[in-house]
Amino acid sequence: MSFTPDHKHLKRRANRDRRFRIYSYSAIMLAGAFLVFFFADIVSTAWSAFEQAELRVEVSYNEEALEMGDYALDEDVSYLVSRGFTRLIPNMIRKDRQLIGTSEEKWVLADSEVDQYLKGKPNRLHKNERKLVDKMRAEGRARLAFNTGFFINGDSKLPEMAGIAAAAVGSFYVLLITLAFSFPLGVATAIYLEEFAPDNRLMQIIEVNINNLAAIPSILFGLLGLSIFINFMGVPRSSALVGGLTLSLMTLPVIIISTRAAILAIPDSIREGALALGATRWQMVMTNVLPLSLPGILTGTIIGLARAIGETAPLMIVGMMAYIPEAPEGVVSATTVLPAQIYTWSSDSMRAFTERTSAGIIVLLAVMLLMNGVAIYMRNKYETKW
Amino acid sequence: MTTGTVLLYLFCGLVPLSVVAYFLATKRTYSVKFEGETFHSTPGSYGWYAIVCTLSPALLASFVAAVLQLTGLVEVPATALLAVILTLAAAGLWLGVLTVKPSLKARSLVEGLIVKMLFVASLVSIFTTIGIVLSVTFEAMKFFDVVNIWDFVTGTTWNPDEAVAGRDVQGVFGSIPLFAGTFMITAIAMVVAVPIGLFSAICMSEYASPAFRKVAKPALEILAGIPTVVYGFFAAITVSPLVVHAAEYFGLQADYTNALSPGLVMGVMIIPLISSLSDDVISSVPNSLREGSLAMGAYRSESIKSVVLPAALPGIVSAFLLAVSRAVGETMIVVMAAGLRANLTWNPLEGMTTVTVRIVDAFTGDQAFDSPETLSAFGLGLVLLVVTLLLNILSLVVIRRFRQQYE
């Protein structure tokens, strides 16, 4: 008896094997392609927001301009200049009366429609206005300059004036509060569960509960924050405090889980060494376990915070998407955060806000990637094989 | 006096008092009075003991005051509270330092207290869960007082705008279209995420070289880290028009707020969740199983399909369930791209709305807080909570019951 391989059958199997392998690689490639497409799309939309149109115009300070800034400008130009600038003129005169009667030529912020026109995008300028802008550009009196205002201004109803500074400060406050509450609580919980907890029913419930908490939809944390912190405890709505508290409850399980993993990775020989020298359990934790697991704990914390900085839904529920143009003065004053700012801009109908949304997204992504990068770097650098 | 200044004064009062307590207590362990006697603990422990004695009455007092304030029983004037707290702290300091003597087991006391505090910290997660359940349930009860729960579960029209002042609220809060929308978008997301995520995991754990893996894994993690508001913007601005144009190309009519685009983008969002969880379980299948299969003459793909994947199945199923619960609860993508119209349809090219969209919408309108529309958000939240909790528990049960133990 001899074995005769069925070549047709073998070939089919080999083909099937090759196809399966190709599928698996193409799945990853597909995900990678999406990532590339996504970043290319966001960056290309956002690119133009980092430039802002400016016009060089004659500003003549006079009595009428004290009432309305428009009178300081040439009539046909005044429609092209941002209302954000013309509104400033009366104040400038009030501050310095000497200005009346003088005039000066300077670069001022252009209206968003002019901005869009100069960038070659659809706009609502009239034909003769376009002609005027073209003429000014030919004379070198219209230009696109780097948009510093985007980084130092707060929100505004005028796209050319809107910036992310206020939201960035708000995000910073919220993150600070999140860290202040979730880090100590999370590390304490993890230490207790890993080093001190008896093995009983209650501890099992706590463990299952932490895993559950990590998988509860974020919007439900918003409902919790609304009814506990705002309605029951009376924390002011839209404040960095209520946002931070809400997010810290969300970040807590992330920190607990990663801290537990970091503590678990430390071999028992180290604990036994400390105990053998006469240390109490707490001393063993303080002097050996915690310092050695600190890199892991910090990595987990940074990842948790990176997630918190992009979180929007629960913050919307606790009122952080109102129109708040100024940076908060403290943790109880109303504030907005970067993702909420992005959401507000994205739902605005004015076209110039679209590029600003993308630019805000780039800033948010940059912060988030930076945090994740630091976390990955720390993990690689301090990774110890015991 | 504002809360801020009170806190500042407290800080300025309590911190120096603690330092003094520490200093006095440690100093006392060196004093001539106890010459020749051996102290039970190190001087530092006595210092901490004195700090605990100083702070605990002050903290207790401020806690009581906070509770009184919250329940609205007594309005404690800030200045009086400040004075009481500082007096208590000073008294505690005096008492603490005075009780320092060689036989006092300061270290055991302090460490016992620390462990208790750690225990209390670990209860916070439980309280959070209880808080979510209770707050959502209580508000949902108020909603179900107004709206018949049966109508809510079985009604097919969701039109809360009809429920304005004085009108009859029956019949406008039927949640079935919202669940249909949620289900539709979740299903689309799963159709995208499960094959891509699973094949990516297979690729990374079975085929990829270490170098390729080192690039691919963090790249997938980037996908997981992108904020959902960004995905939502991307779905609304870029994907929706693409879907509409594609539909036109095939001669179909698509809304700009169709269910397909948030579903697709949500699928991409979920890929890393499925791939990294599946990668973990696939990698933990022992090599002896693969080698046994390969030694029998099976191709790589055949051994993956008939040995590795079945062995990893419980983990994969649990990853799938977690992904479903993530998709059901996802908010920003659907808020920005799915539309607001409750629409009961099988056509993913039409606009549909989901549970989470209506929750957000209820809070961003100008409704009074106790209006039926706002309260309906809590009713929906309750259902969302129950569904996600069930999915989470199910995934835990699957992994616990069916996980195979390999030696």
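Quick notes on this one:
- Where helices (runs of 4 or more DSSP H) fall wholly inside segment A:170-279, the ranges with 1 or more residues that are open to solvent by 50 Å² or more (accessible area, probe 1.4 Å) and among the acidic types (D, E) are A:201-214, A:268-276.
- Among the helices (runs of 4 or more DSSP H) confined to segment B:239-303, the ones with at least 1 residues that are more than 14 Å from every other protein chain (Cβ to nearest Cβ) are located at B:240-249, B:260-283, B:287-295.
- Whenever a residue of segment B:95-108 is more than 14 Å from chain A (Cβ to nearest Cβ), its partners that are open to solvent by 30 Å² or more (accessible area, probe 1.4 Å) and of a type in the set (D, E), lying with C-beta atoms within less than 8 angstrom and at least six residues away or across chains, give the pairs B:P102/B:E37.
- Residue within segment B:109-123 that is open to solvent by 40 Å² or more (accessible area, probe 1.4 Å) and of a type in the set (G, A, S) present: no
- Against the criterion of being closer than 24 Å to A:Q52 by Cβ and either aromatic (F, W, Y) or part of a loop (DSSP other than H, G, I, E, B) (or both), A:M136 does not qualify.
- Out of A:M350, A:M316, A:M368, A:M320, one residue alone is outside any helix (DSSP H, G or I), in contact with a helix residue (DSSP H, G or I) (Cβ under 8 Å, 6 or more places away or on another chain), within 18 Å of B:V230 (Cα to Cα) and in contact (Cβ under 8 Å) with a residue 40 or more places away in the chain. It is A:M320.
- Residues in segment A:1-59 that are more than 8 Å from every other protein chain (Cβ to nearest Cβ), within 30 Å of B:F233 (Cβ to Cβ) and in a helix (DSSP H, G or I): 13 in all.
- Residue in segment B:313-328 that is in a helix (DSSP H, G or I) and more than 25 Å from the chain's Cα centre (by Cα) present: yes
- Output for segment B:206-238, where each listed residue is more than 8 Å from chain A (Cβ to nearest Cβ) and open to solvent by 30 Å² or more (accessible area, probe 1.4 Å): B:S209, B:P210, B:A211, B:F212, B:R213, B:K214, B:V215, B:K217, B:A224
- Inter-residue pairs, beta-carbon under 9 Å, first more than 7 Å from chain A (Cβ to nearest Cβ) and without any contact (Cβ under 8 Å) to a residue 40 or more places away in the chain and in segment B:111-137, second in a helix (DSSP H, G or I) and open to solvent by less than 10 Å² (accessible area, probe 1.4 Å), 6+ apart: B:L123/A:T189; B:L123/A:I206
- Single residue of segment A:37-65 satisfying the filter (surrounded by fewer than 14 Cβ atoms within 10 Å (Cβ to Cβ) and in the same structural domain as A:S82 (by TED's automatic domain parsing)) that is farthest from A:P90 (Cα to Cα): A:E58
The values are calculated or read from the model by the stated rules, or taken from the named source; none is laboratory data. Given the structure is predicted, the values throughout are model-derived calculations rather than measurements. Methodologically, a virtual Cβ is constructed for each residue, glycine included, from the backbone with ideal geometry; neighbour enumeration extends over all protein chains shown. Just so you know, the surface numbers come from the protein's heavy atoms only, side chains and all, with ligands and any DNA or RNA stripped out. Shrake-Rupley method; radii C 1.70, N 1.55, O 1.52, S 1.80 Å.
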